[in-house]
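Student: Handing you this structure, nothing more for now.
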Amino acid sequence: MTAALRVAIESIGLIAPGLPDWTQATAVLSGRARWQDAPIAIPPPQRLPPAERRRVGLPVKLAMAVAEQAFAGSSAPAADTATVFASSSGDGDNCHQLSEALTAAEPIISPTRFTNSVHNVPAGYWSIAVGCRAMSTSLCAHDGSFCAGLIEAATLACVDQVPVALVAFEVPYPEPIRASRPIEAACGVAIVLWPADGPRTPGAPLATLSIGTRQPAGPGDAPAVEPTAMTDAGLDALRRTTPAAHALPLLEWIARATPGERGRLVLDAGHGIDLPIDAVR
Amino acid sequence: MPTPYPLRVSAFTATSCLGPGNAAQLARLRAQAGGLAPCRFLDVPLKTWVGEVAGVDEVALPAPLARYDCRNNRLAELALRQDGFDDAVRDAVRRHGPARVAVFLGTSTSGMLEMELAYRRRDPDSGALPADFDYAGSHNTFSLSDYVRRRFGIDGPAMVISAACASGAKAFASARRAIQAGLVDAAVVGGVDSLCLTTLYGFNSLELLSPDPCRPYDARRDGISIAEAAAFALLERPGPARAGDDEGSGGEVLRLVGTGESSDAHHMSSPHPEGLGARLAMERALASAGLAPADVDYINLHGTATPSNDLAEDAAVHAVFEGRVPVSSTKAAHGHALGAAGALEAVIALLCLREGLMPAGLNRDEPDPALRSPYLSANRSAALDVVMSNSFGFGGVNASLLFDRITP
C-alpha cells in the first residue's frame, strides 16, 4: 500500500452518547469501563458573545465544543490554526424550519435562519469566536464525511506543513426528513493533527497515521472488506448509524494501543468505500 | 510557504444564463451583453432579476443514475456535455487510472429545491415526505460529487466543498493540494448551484436582492442578482504537453498557479469593512504562486454589487495592487451563481487568458468615488499572462485563484 499522507495526532475532542469527552471516553474505549448509552450534553460555547450563544444551533455548539476539547490538549494556537469542518447534514432542524416556512403562499424567512443554512456556519462562528484568519474548509461526503475530512485535513497539513484541526459532527434530522435520512445520534469528533515529520510537529503524539489508498466499493456499494468494528456492540451500532462516528474505531485503537504498538484499521469512507490506515501508537 | 506548484488546466467548460458552453460565454461577453431577466422561476413573485439557464428541465440523466435527478444535477449534466469536457475526463481516467483522479466540486444549494417541493407534498395525515423524495440523490450536499464520480467511474477521493459563495473557488484549492500531496494525478473541479426558493427568499429577507439587474461598482448599486451556473475544469499534475490539450493558437497551456484562502473572523453575513480577509486570500494566492502583485494583468472581482462587498473588496484590492491592475465584475452579465460563482468565474478567467480579453463590468453608469481600482467599463483586448479571480462568502470565507498562460 502506497502511503501518500502521514500525519501525527496530537490531541482529540469527543462528544458522543455515553462518551461525554475524550478523557472520560478513554476508559470506555480501552475496555476498562462499560459503555452506557446516555444523551449527550454539549457545553455552551463560552467564546461566543451571549446573544450569539443563544442564536446558534446545536451543530455549531457541538462542533465548537469538540474543537475546544482538542485545542485544550494541543500546542497549536486556536487563533492561528487552519480548520476542516466535515458534516453530512449541517443543521437539520434549521433545514426543516426553512422548508416549512417556504410552503407558505407568501413565505417569510428569518434572515438569521437563512444565514445559518450555509454548510460552513460552524466554521464561520468558530473563526469569529477565536479570531482566526487562517483558512477553513467546510465539506460534505454524505456517509463518507469523516474520511473526506481526514483526507482534506491531512493533505493540508502535509502540503502547507502546518497543524490542522479536523472537526467532524453530526446532528440527527427532525421528522419528516429523519425518515429519509435516519441518523441515530448526535456525535462530534475533533482531532488536531500535524505533518508526521514536520519541523514543528510536537514529539510524543497520540498516534502517527499513514493514510492509504481508498478501496472502491463493489456492485451495489458493497465494501471490499468490512470496516473495522467497535468492540462494544452498542458503540458499533452508533458507528454504523451516525456518519461522524466512523471515527470511533480510530479512537478506540488509540485508547487501547500500548506505546510503540502498530495496527491496521479500515475506516468506513461511505458508500462501501474503505479507507485503510496504518497506525503507530 | 511551499514552493510553487502550477497545475495544467487540461479542459474547462461553463454553462450559465449566457448560454451553454464556452463559446456562448465568450459571445455574450464580447458583445457586452448580459443574460439576466426578471424572475419567472416557479411561482416566485419577488421583484428581482435572475440568471436562469434555459432547458435544464429537458436534460435527462443517464438511466443508471436516475436517482440523482434534480435541477442541480441536470444543470451539471448539461454543462458536462459541452466543450468536449466529458471526453477529456474519460481520457484522464483512462490515462491515470480511476483511483488516481479526484472529484472536488462546490455547491451551496445542491438539490435543495427537491426538498422544498417535497415539503409542498407532505402526507396530510402523517406529515411524511412523498415516497419519491430521494434525500441522498438530491438534497444532500454531496449529491453533486457523488453523481459526477459515478458518472465517470472515478474512484479517487470525492467530496463537496460547501462554503457559501466561495465554494466553487475553494474546490480548486483543495484539489491542488490533493494533487501536490501525491494523492491523485488529476481532479475534476468546479461548482454547480441552481435556482431554488431558499436562496431567493433568503437573500430577499436579508434585503440583499436588487430589484433591477445588479450593477457592481456603481454608486447606486443595491444588491445582487441570483443566478445558477455549472462550471468545470480538469486539473492535472505538471507534465509534458499532449495532443488535444485545451491550447491557444500558439500551443499555449493554461495553468492554475496559485490559490489563497482565509477567514474574516468578523461577521457571518457582512464582510470585514476593510476586506482584511480578502486581502489575506489574495496575498496568499500570490505567495503560493511565487508572484508579485505587478505580475497580475487582470482581476475578475467577486463584485456582487452589494454596497458592502464592493467597498470592502475594493479596499482589499487597492491595498494589494495599488490601482495598477484593471478590474471588473462579470456578475453584471451572468449574475451571482452563489456556490458555483467561483468556478464560473474561474472558467471566465481562463477564457480571458486564452482570448486576450478583459471583459467590461456592465451596468456601471455612475462610478462610485469611494472605489479606487481601475474598473473596466468597456471590453479591452490585450495579451494576458496572469489573471486573478476572487470569491468571498457568508461566514467570512475568502478564496482567490491565480491562472496563467505559458508557451511550454
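The values are calculated or read from the model by the stated rules, or taken from the named source; none is laboratory data. Note that the coordinates shown come from a computational prediction; the quantities given were computed from them, not determined experimentally. All Cβ positions, even for glycine, are placed from backbone atoms using ideal geometry, and neighbour counts span all protein chains on display.
Student: Just to be sure, is A:S88 at pLDDT 95 or above, in a loop (DSSP other than H, G, I, E, B) and under 15 Å from the mean Cα position of the chain (by Cα)?
Tutor: Answer is yes for this residue.
Student: So, in the stretch B:275-299, of the ones that are in a loop (DSSP other than H, G, I, E, B) and touching a helix residue (DSSP H, G or I) at 6+ places or on another chain (Cβ under 8 Å), which residue ends up nearest to the other protein chains (Cβ to nearest Cβ)?
Tutor: B:G275
Student: Another one. Quick check on B:E313: is it closer than 28 Å to A:A78 by Cα and in contact (Cβ under 8 Å) with a residue 60 or more places away in the chain?
Tutor: yes
Student: Let me ask another. Pick out the one residue from A:A8, A:A79 that is part of a strand (DSSP E or B), more than 14 Å from the chain's Cα centre (by Cα), farther than 30 Å from A:A233 by Cβ and not hydroxyl-bearing (S, T, Y).
Tutor: The conditions single out A:A8.
Student: Output the residues belonging to the stretch B:77-123 that are surrounded by fewer than 21 Cβ atoms within 10 Å (Cβ to Cβ), within 10 Å of chain A (Cβ to nearest Cβ) and assigned to a loop (DSSP other than H, G, I, E, B).
Tutor: B:R120, B:R121, B:R122, B:D123
Student: Continuing with the same structure: Does any residue of the stretch B:267-274 turn out to be within 30 Å of B:T141 (Cα to Cα), over 21 Å from the mean Cα position of the chain (by Cα), part of a loop (DSSP other than H, G, I, E, B) and within 14 Å of chain A (Cβ to nearest Cβ)?
Tutor: Yes.
Student: May I ask you to say which residue of A:S138, A:S145 is of a type in the set (S, T, N, Q), assigned to a helix (DSSP H, G or I) and either closer than 27 Å to A:R6 by Cα or touching a residue at least 60 places away in the same chain (Cβ under 8 Å) (or both)?
Tutor: Being of a type in the set (S, T, N, Q), assigned to a helix (DSSP H, G or I) and either closer than 27 Å to A:R6 by Cα or touching a residue at least 60 places away in the same chain (Cβ under 8 Å) (or both) holds for just one of A:S138, A:S145, which is A:S145.
Student: Identify, by number, the condition in (1) within 7 Å of chain B (Cβ to nearest Cβ); (2) of a type in the set (A, V, I, L, M); (3) surrounded by fewer than 24 Cβ atoms within 10 Å (Cβ to Cβ); (4) under 21 Å from the mean Cα position of the chain (by Cα) that A:L102 doesn't meet.
Tutor: (4)
Student: Considering (1) under 24 Å from B:E261 (Cα atoms); (2) more than 14 Å from every other protein chain (Cβ to nearest Cβ), say which one A:D37 fails and leave the rest.
Tutor: Single failed check for A:D37: (1).
Student: Among what's in the stretch B:124-147 and is of a type in the set (G, A, S) and more than 25 Å from the chain's Cα centre (by Cα), pick the residue that is farthest from the other protein chains (Cβ to nearest Cβ).
Tutor: Per the stated criteria, the residue is B:A131.
Student: What number goes with the only condition from (1) small (G, A, S); (2) surrounded by 24 or more Cβ atoms within 10 Å (Cβ to Cβ); (3) under 20 Å from B:R372 (Cβ atoms) that B:A343 does not pass?
Tutor: For B:A343, the exception is condition (3).
Student: Against the definition (at pLDDT 95 or above, closer than 30 Å to B:A287 by Cα, within 13 Å of chain B (Cβ to nearest Cβ) and surrounded by 20 or more Cβ atoms within 10 Å (Cβ to Cβ)), how does A:L156 come out, yes or no?
Tutor: Yes: the conditions hold for A:L156.
Student: Just name the residue that is farthest from B:L144 (Cα to Cα) out of those in the stretch B:189-221 that are within 13 Å of chain A (Cβ to nearest Cβ) and among the hydroxyl-bearing types (S, T, Y).
Tutor: Going through the qualifying residues, I end up with B:S205.
Student: Out of all the residues in the stretch A:80-97, which are buried (at least 24 other Cβ atoms within 10 Å of the Cβ) and of a type in the set (D, E)?
Tutor: A:D91
Student: Can you say whether B:L61 is part of a loop (DSSP other than H, G, I, E, B) and of a type outside the set (K, R), as far as the supplied structure shows?
Tutor: Yes: the conditions hold for B:L61.
Student: Which one of these is touching a residue at least 60 places away in the same chain (Cβ under 8 Å), outside any helix (DSSP H, G or I) and loosely packed, with under 14 Cβ neighbours inside 10 Å: A:P174, A:P182, A:P202, A:P259?
Tutor: A:P174
Student: Considering only the stretch A:159-200, how many residues are facing chain B (nearest Cβ under 8 Å) and over 15 Å from A:A76 (Cβ atoms)?
Tutor: Count: 7.
Student: For the stretch A:42-76: of the residues being within 16 Å of the chain's Cα centre (by Cα) and small (G, A, S), which is nearest to A:V118 (Cα to Cα)?
Tutor: The qualifying residue nearest to A:V118 (Cα to Cα) is A:A63.
Student: Still on this model: Can you tell me which of (1) surrounded by 14 or more Cβ atoms within 10 Å (Cβ to Cβ); (2) part of a helix (DSSP H, G or I) is the one B:A27 doesn't meet?
Tutor: Only one criterion is unmet by B:A27, namely (1).
Student: Then there is this: Just one of (1) surrounded by 24 or more Cβ atoms within 10 Å (Cβ to Cβ); (2) over 19 Å from A:S11 (Cβ atoms); (3) more than 9 Å from chain B (Cβ to nearest Cβ); (4) not aliphatic (A, V, I, L, M) trips up A:S145, so point out which.
Tutor: Exception for A:S145: condition (3).
Student: Can you find even one residue in the stretch B:25-45 that is in contact with a Cys (Cβ under 7 Å, 6 or more places away or on another chain), among the hydrophobic types (A, V, I, L, M, F, W, C) and within 14 Å of another protein chain (Cβ to nearest Cβ)?
Tutor: no
Student: Further question: Looking only at the stretch A:168-209, count every residue that is of a type outside the set (A, V, I, L, M) and within 27 Å of A:P39 (Cβ to Cβ) and tell me the total.
Tutor: Adding up the residues that qualify gives 14.
Student: Output yes when any residue across the stretch B:54-76 is away from every other protein chain (no Cβ under 13 Å), buried (at least 22 other Cβ atoms within 10 Å of the Cβ), among the charged types (D, E, K, R) and out of contact with any helix residue (DSSP H, G or I) (no Cβ under 7 Å at 6 or more places or on another chain), and no when none is.
Tutor: Within the stretch B:54-76, not a single residue is away from every other protein chain (no Cβ under 13 Å), buried (at least 22 other Cβ atoms within 10 Å of the Cβ), among the charged types (D, E, K, R) and out of contact with any helix residue (DSSP H, G or I) (no Cβ under 7 Å at 6 or more places or on another chain).
Student: I'm told B:A243 meets every condition in (1) modelled with pLDDT of 95 or more; (2) outside any helix (DSSP H, G or I) except one. Can you identify the failing condition by its number?
Tutor: B:A243 satisfies all of (1) modelled with pLDDT of 95 or more; (2) outside any helix (DSSP H, G or I) except (1).
Student: Does the stretch B:153-188 hold any residues that are under 25 Å from B:S391 (Cα atoms), facing chain A (nearest Cβ under 7 Å) and touching a residue at least 60 places away in the same chain (Cβ under 8 Å), and which are they?
Tutor: B:S162, B:A163, B:A164, B:K170, B:S174, B:A178, B:Q180
Student: Can you tell me which of B:A305, B:A312, B:A349, B:A333 is of a type in the set (A, V, I, L, M), in a loop (DSSP other than H, G, I, E, B), surrounded by 24 or more Cβ atoms within 10 Å (Cβ to Cβ) and away from chain A (no Cβ under 14 Å)?
Tutor: It is B:A305.
Student: Answer with yes or no whether B:R150 is touching a Pro at 6+ places or on another chain (Cβ under 7 Å), surrounded by fewer than 22 Cβ atoms within 10 Å (Cβ to Cβ), within 10 Å of chain A (Cβ to nearest Cβ) and not small (G, A, S).
Tutor: no
Student: Continuing with this model, one more query. Of the conditions (1) within 17 Å of the chain's Cα centre (by Cα); (2) farther than 25 Å from B:L29 by Cβ; (3) of a type in the set (K, R), B:K331 satisfies every one except a single condition; which number is it?
Tutor: If we test B:K331 against (1) within 17 Å of the chain's Cα centre (by Cα); (2) farther than 25 Å from B:L29 by Cβ; (3) of a type in the set (K, R), just (2) comes out false.
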